[in-house]
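Chemist: Take this structure first; my questions come after.
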Number of protein chains: 4
Amino acid sequence: MRIGVLTGGGDCPGLNAVIRAVVRKGAGVYGHEFVGFRDGWRGPLEGDTMTLDVQAVRGILPRGGTILGSSRTNPIKIEGGVERIKENLETHGVDALIAIGGEDTLGVAKQLFDRGVKVVGVPKTIDNDLNATDYTFGFDTAVNIAMEAIDRLHTTAESHHRALICEVMGRHAGWIALHAGMAAGANVILIPEKPFDIDKVCEYVESRFKTRYSPIIVVAEGAHPIEGQMAVQTGDLDAFGHVRLGGVGERLAQEIERRTGKEARTTVLGHIQRGGTPTAYDRVLATRFGLAAITAVHDGDYGKMVGLQGTEIVRVGLDAATAELKTVPPHRYEEAEVFFG
Amino acid sequence: MRIGVLTGGGDCPGLNAVIRAVVRKGAGVYGHEFVGFRDGWRGPLEGDTMTLDVQAVRGILPRGGTILGSSRTNPIKIEGGVERIKENLETHGVDALIAIGGEDTLGVAKQLFDRGVKVVGVPKTIDNDLNATDYTFGFDTAVNIAMEAIDRLHTTAESHHRALICEVMGRHAGWIALHAGMAAGANVILIPEKPFDIDKVCEYVESRFKTRYSPIIVVAEGAHPIEGQMAVQTGDLDAFGHVRLGGVGERLAQEIERRTGKEARTTVLGHIQRGGTPTAYDRVLATRFGLAAITAVHDGDYGKMVGLQGTEIVRVGLDAATAELKTVPPHRYEEAEVFFG
Amino acid sequence: MRIGVLTGGGDCPGLNAVIRAVVRKGAGVYGHEFVGFRDGWRGPLEGDTMTLDVQAVRGILPRGGTILGSSRTNPIKIEGGVERIKENLETHGVDALIAIGGEDTLGVAKQLFDRGVKVVGVPKTIDNDLNATDYTFGFDTAVNIAMEAIDRLHTTAESHHRALICEVMGRHAGWIALHAGMAAGANVILIPEKPFDIDKVCEYVESRFKTRYSPIIVVAEGAHPIEGQMAVQTGDLDAFGHVRLGGVGERLAQEIERRTGKEARTTVLGHIQRGGTPTAYDRVLATRFGLAAITAVHDGDYGKMVGLQGTEIVRVGLDAATAELKTVPPHRYEEAEVFFG
Amino acid sequence: MRIGVLTGGGDCPGLNAVIRAVVRKGAGVYGHEFVGFRDGWRGPLEGDTMTLDVQAVRGILPRGGTILGSSRTNPIKIEGGVERIKENLETHGVDALIAIGGEDTLGVAKQLFDRGVKVVGVPKTIDNDLNATDYTFGFDTAVNIAMEAIDRLHTTAESHHRALICEVMGRHAGWIALHAGMAAGANVILIPEKPFDIDKVCEYVESRFKTRYSPIIVVAEGAHPIEGQMAVQTGDLDAFGHVRLGGVGERLAQEIERRTGKEARTTVLGHIQRGGTPTAYDRVLATRFGLAAITAVHDGDYGKMVGLQGTEIVRVGLDAATAELKTVPPHRYEEAEVFFG
């Protein structure tokens, strides 16, 4: 068999581990051949391929990013896009496709499957907001990077009298903020799922200043105040659809300074949260996802994606990924609230 | 209520996070008081206590080890030990006890519960070999430390021609070796669950040497060869019941050198695997265990221990911990074998 | 003897190591007593002290920040400030003072010395811009933190097509940008010492985009374009005299997007550069500074500060610190330019 | 010009950074061509070469080890070895040679230079024991790795009652033990330069046990007791001339257990000290060494090696490296002794 592989959407530590596992088991155990498509769906759309064999995946396990490149190209939004992909897969003699990506990438995979393409999906989101899997790789790495940054802020919080704000990723779901904030002992955690009360936030800030320690506030980029309460919006989008600096973290700092008269400083972690070598958790999970995906292809069990349930890798329908966003449930946020103030 | 807390057995990153969560929620939400018992069961046995309040747990979240100290003191093996503990608990006005520890510690907790003491347990084992919980805190940290060490060995493996052996913890279960070895791309992983075939190991070593890269072998301290096959024993025990250097890693090195004529070097990670700041995963898990334990006390649900199932914290019987050792199942080892050689 | 110790200015990894070394050698070898003044010069100004003995410095070596607290209080700018300090030192029976800090703190120390106070200084600046010492502690830690962040950006640079900008500390001197940028393989490094040519920067960006890799630009917060060339200013100051987000990194991103039509993303590292545990280099240097400072006190050699020259710790005049800013010399920047583009 | 490059001796973080700097400046600024010789002197001896151009050095800056491979092959000990190297250099059209290595490698370089070969040397030793340079790259990385390991041991030392021994590299010089031990707050540091008094060591151990903390002892692999005092030898050599496990650390543990009756545990860091990504310090130093070496070649200033003096890179004679070993001077060890016990 000849199997195509692509990675779509934002880069995420562990993508290379998935690719390596797919190729190592596919070539070594099953004797399959592989073709790499470059830059997500742009690859099969334009017929842009690269060599993908055991040699190509040597040494990539500990490396973040993706050797295949990535993009947000969406063939569904392109006139005749899906048809061109089908043609190109045929041209390159591709029998089956493994698509590694988030909601958008897997949504395209589902449509291709519905039109007869043999596809298996691997879920990917650094935000951990995909249903049908307990966790996704990349999330643990992002949480550790954010935690280490917040750990460092504690040093300053113990030495100076300033409110310290750390803005982390999470446009629609607060998982990174929740886990990094709990792990690093934040005094307040703000997530998109629960509009925050700026009066309450300033109360925590004031009460913390009464100790010899300064408050640390972790805020997801998508968090926002109760409507009308504060002149803060969620952050302007730039020309590429991303939140600009001057987002919620920075605006929160201005509001806290204005209300409490105490200095407030913001750190925006940005892209460093999705870069660098994956943690052990993400390398193992990504490797297991890759092994399970190639096994599904070998079993001819298409239209599925792999997922984690408890300690086991399972197969679920490709549409499970695109059903509903997995947001932070109230009882998890309440756990964190125990430590606020 | 006045609640005693103790930590028993080997130290483990995350113990302090459990203690902090217990005290922060117990004091802050429920208004309970706490007393810390020093050095595991030695504390209540000898009535050795320390102050345990919100001030005492400040800043301990990121710190490995345990502020309460630990020991392997087992009151069951001491004439009248259990009775003395009951008396001392009464003397110190302790209404309930939270015992954080492994198989031994929780076994004592079970016996105390059977004799009427109100106990809740929190499972702890760096080896991840306790049943009734998907994972235990400390394990993820140990795996990451071992993975980073093995990552470093790759550098040497790419520059020199030597078999590199890394001996990691795991007397009875190979979880650390399996996860660290998979995460770091080991060429062979040896675990206690499956006696190894030294001929096969040397085959992998030889085949690897034919590339420009040197083989890296990860071996759990409790791994052993097929009976009679090799003059290697699992390692002498020292006066304190621990495996001495000159354990399986070192003996394996000698055997590989003898058989292949290639140099072999061993690194024994030892205690550094259980030290230092916990990973985010372990801090979050330990914190959630602590919250769940104090909630169980508050609910009066004694004789239970907390555990992780999927993404949720549950309560199971105290005896669930001491039932059977959770070893690496064959299908998990087979996943790793895909990458051998 | 009874010796006062204080730490002034921004916090810096290694301050605690200095304090520990001063106390351990002063108490253990010379038999001196110590008194800690809180929050820099505010401590002796207001007579705010804390216990400072061997017990107080236990375990602080690996911890960032300062157990003494810090502030930017400048007694020279306060009517009668210097006199009040002299009185308070007498009141607390302080025979000599060790002042750990940057240009401002050591400037005050010099004035006190000129008025008869027995002072020894320890230089501190995370920016490495103090004369009279080859390096200052905290700098190496900041450079490593920045390097690791830029290392992580490389992952994204290999997977996506975006200009990535990393803004690091350095208002007046570009040392952190230079070293972190060289260490992490930046494609362009911009420092305050050399106004940048935005046309040239965009040329590097464009030429890099022609490879499969994206450009990474490291910019010191104090860097600025050639006059009149770009609508970018160095960043507004906030009410506390600090550069606001929306500083040079963010403005550079906007300018690059406007000129090249390529997406540009900025990460502002901010306070995480000065937090967390010090590197080995900084712990050793800080410890040696502390030992040398207490030895100078013991020798009665006041009005001096300690410094590093080559591999040895020397004593220089307190005014050496406040003479001239140590900026990046042209030949060091030219070394880095070899790797631009 | 066509310039050969080789790396000899044990691998060392920063080697790749040197190679990259040599090639980037040599090709990019001077327009030279390069040829890589594999595995140290084995390369020119056997005419084993590899492509070495800008493409080959892409992405290697943060990677430990050496893309050229290394070996301990010494052509001087091989009949006609030096002549064969001269012939092979001619065959491959090599005009000049850059040799990166330690005492042995640079000794060969010196002999070749004496016979008319145009050579420039770059000093390399992870042990920091080469004269004629303040520091060598790789050392800072090794010290940080050892420090982090010892930091982790502190956790156990605070939780259990055991003497913890950490054996680090340093056969002839104790620099790594000294710096890592000082940085991590070791209670005793033992180095080859000063034979240790086992009675004194046990005194420190006993006195430390009287606190609630356990002693941590850092010992260089080449440290040894005062003659006749202890049944410990420096460790057997294996067939490859390396110290076997069961070296000084392990023997010290046995002796401490025997004398004090307290448990003692040893960690042998081994090869992980020389692996992995270099620190910022080592990357900058190695890069500057590389730049200076190719500049020396360009200047036609042969028979020299580059070195660090203070903050500047200088050129010294090739024989400066092989003159005398740079050991820890007494005043540096006395600094560390302040913290013993």
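Chemist: Open to solvent by less than 20 Å² (accessible area, probe 1.4 Å) and within 13 Å of another protein chain (Cβ to nearest Cβ): which single residue out of C:173, C:186 fits that description?
Modeler: Working: C:173 fails: within 13 Å of another protein chain (Cβ to nearest Cβ).
Criteria check complete, one pass: C:186.
Chemist: Looking at the range D:136-192, which of its residues are within 22 Å of residue D:208 (Cα to Cα) and among the small types (Gly, Ala, Ser)?
Modeler: Within the range D:136-192, D:146, D:149, D:157, D:159, D:163, D:177, D:180, D:181, D:183, D:184, D:185, D:186 meet the criteria.
Chemist: Which of the strands (runs of 3 or more DSSP E) contained wholly in the range A:254-341 include at least 3 residues that are at pLDDT below 95 and buried (at least 21 other Cβ atoms within 10 Å of the Cβ)?
Modeler: The qualifying strands (runs of 3 or more DSSP E) are A:264-268.
Chemist: Here is a further query. How many residues are farther than 10 Å from residue D:15 by Cα, open to solvent by 10 Å² or more (accessible area, probe 1.4 Å) and touching a helix residue (DSSP H, G or I) at 6+ places or on another chain (Cβ under 9 Å) when one looks only at the range D:65-81?
Modeler: Total meeting the criteria: 6.
Chemist: Something else about it: Step by step: first the residues of the range D:48-64, then only those that are open to solvent by less than 50 Å² (accessible area, probe 1.4 Å) and under 14 Å from residue D:22 (Cβ atoms), then the one that is nearest to the other protein chains (Cβ to nearest Cβ). Which residue is that?
Modeler: The extreme case among them is D:61.
Chemist: Right, another one. Every residue in the range C:17-39 that is free of Cβ contacts under 8 Å to residues at least 60 places away in the same chain and under 30 Å from residue C:270 (Cβ atoms), please.
Modeler: C:36, C:37, C:38, C:39
Chemist: Within the range C:127-161, track down each residue that is in contact with an Asp or Glu (Cβ under 7 Å, 6 or more places away or on another chain) and open to solvent by 30 Å² or more (accessible area, probe 1.4 Å).
Modeler: Listed by number, the list holds a single entry, C:131.
Chemist: Scan the range C:235-245 and tell me whether some residue there is outside any helix (DSSP H, G or I), more than 12 Å from chain A (Cβ to nearest Cβ) and modelled with pLDDT of 90 or more.
Modeler: Within the range C:235-245 (the criterion being outside any helix (DSSP H, G or I), more than 12 Å from chain A (Cβ to nearest Cβ) and modelled with pLDDT of 90 or more), the answer is no, since none of the residues qualifies.
Chemist: Then there is this: Examine the range D:100-115 for a residue that is over 25 Å from the mean Cα position of the chain (by Cα) and part of a loop (DSSP other than H, G, I, E, B), and state whether such a residue exists. Write out each step before concluding.
Modeler: The first filter runs over the range D:100-115 and keeps only residues over 25 Å from the mean Cα position of the chain (by Cα), leaving D:114-115.
With the extra rule that they be part of a loop (DSSP other than H, G, I, E, B), the set shrinks to D:115.
Among the residues of the range D:100-115, at least one is over 25 Å from the mean Cα position of the chain (by Cα) and part of a loop (DSSP other than H, G, I, E, B), which makes the answer yes.
Chemist: Residues being under 14 Å from the mean Cα position of the chain (by Cα) and more than 7 Å from every other protein chain (Cβ to nearest Cβ): count how many of those fall in the range D:144-170.
Modeler: 5
Chemist: Just a yes or no: is a residue in the range D:3-10 open to solvent by 10 Å² or more (accessible area, probe 1.4 Å) and over 28 Å from residue D:144 (Cα atoms)?
Modeler: no
Chemist: Let me ask something else about it. Against the condition farther than 17 Å from residue C:271 by Cα and modelled with pLDDT of 95 or more, how does residue C:124 come out, does it pass? Reasoning before the result, please.
Modeler: Details: farther than 17 Å from residue C:271 by Cα: no; modelled with pLDDT of 95 or more: yes.
It is false that residue C:124 is farther than 17 Å from residue C:271 by Cα and modelled with pLDDT of 95 or more.
Chemist: Test residue B:126 against the criterion of being under 18 Å from residue B:301 (Cα atoms), within 13 Å of chain D (Cβ to nearest Cβ) and not in a helix (DSSP H, G or I), and give yes or no. Steps first, please.
Modeler: On the way: under 18 Å from residue B:301 (Cα atoms): no; within 13 Å of chain D (Cβ to nearest Cβ): yes; not in a helix (DSSP H, G or I): yes.
Here the answer is no, as residue B:126 does not meet what is asked.
Chemist: Specify which of the listed residues (A:95, A:140) is under 23 Å from residue A:180 (Cα atoms) and of a type in the set (D, E, K, R).
Modeler: Only one candidate qualifies: A:140.
Chemist: Can you tell me which residue is nearest to the other protein chains (Cβ to nearest Cβ) among those in the range B:70-80 that are closer than 24 Å to residue B:125 by Cα and of a type in the set (Gly, Ala, Ser)?
Modeler: B:70
Chemist: Here is a list of conditions, (1) assigned by TED's automatic domain parsing to the domain that holds residue D:34; (2) among the polar types (S, T, N, Q); (3) open to solvent by less than 20 Å² (accessible area, probe 1.4 Å), and residue D:91 meets all of them except one; can you say which number that is?
Modeler: (3) is the only condition that residue D:91 fails.
Chemist: Going residue by residue through the range B:146-164, is there one that turns out to be modelled with pLDDT of 95 or more, on the phi > 0 side of the Ramachandran plot and not β-branched (Val, Ile, Thr)?
Modeler: So far as the range B:146-164 goes, no, none of its residues is modelled with pLDDT of 95 or more, on the phi > 0 side of the Ramachandran plot and not β-branched (Val, Ile, Thr).
Chemist: Do you know which residues across the range B:134-156 are assigned to a helix (DSSP H, G or I) and among the charged types (D, E, K, R)?
Modeler: B:140, B:148, B:151, B:152
Chemist: Whether any residue in the range A:90-107 is away from chain C (no Cβ under 14 Å), of a type in the set (S, T, N, Q) and touching a helix residue (DSSP H, G or I) at 6+ places or on another chain (Cβ under 9 Å) is what I want to check.
Modeler: no
Chemist: Turning to a different aspect of this structure: Does residue D:181 count as under 19 Å from residue C:287 (Cβ atoms), more than 14 Å from chain B (Cβ to nearest Cβ), touching a residue at least 40 places away in the same chain (Cβ under 8 Å) and surrounded by 24 or more Cβ atoms within 10 Å (Cβ to Cβ)?
Modeler: So residue D:181 fits the description; yes.
Chemist: Could you please find all residues in the range C:1-41 being in a strand (DSSP E or B), away from chain A (no Cβ under 14 Å) and under 19 Å from the mean Cα position of the chain (by Cα)?
Modeler: Scanning the range C:1-41 gives no hits.
Chemist: For the range A:111-126, how many residues meet the condition of being open to solvent by 10 Å² or more (accessible area, probe 1.4 Å) and more than 16 Å from residue A:316 (Cβ to Cβ)? Working first, answer last.
Modeler: Let us first name the residues in the range A:111-126 that are open to solvent by 10 Å² or more (accessible area, probe 1.4 Å), namely A:111, A:113-118, A:124-125.
In the following step, the residues that additionally are more than 16 Å from residue A:316 (Cβ to Cβ) were identified as A:111, A:114-118.
Matching residues across the range A:111-126 total 6.
Chemist: Please identify the pairs in which a residue from the range A:257-280 that is more than 7 Å from chain C (Cβ to nearest Cβ) has its Cβ atom under 9 Å from the Cβ atom of a residue that is among the aromatic types (Phe, Trp, Tyr) and buried (at least 24 other Cβ atoms within 10 Å of the Cβ), counting only partners at least 6 apart or on another chain.
Modeler: Correct list of pairs: A:278/A:137; A:279/B:281.
The values are calculated or read from the model by the stated rules, or taken from the named source; none is laboratory data. This structure is a prediction, so every number in the text was calculated from the model and none was measured. All Cβ positions, glycine included, derive from the backbone under ideal geometry; neighbour counts span all protein chains shown. Accessible surface areas use protein heavy atoms only, side chains included; no ligands, DNA or RNA. Shrake-Rupley method; radii C 1.70, N 1.55, O 1.52, S 1.80 Å.
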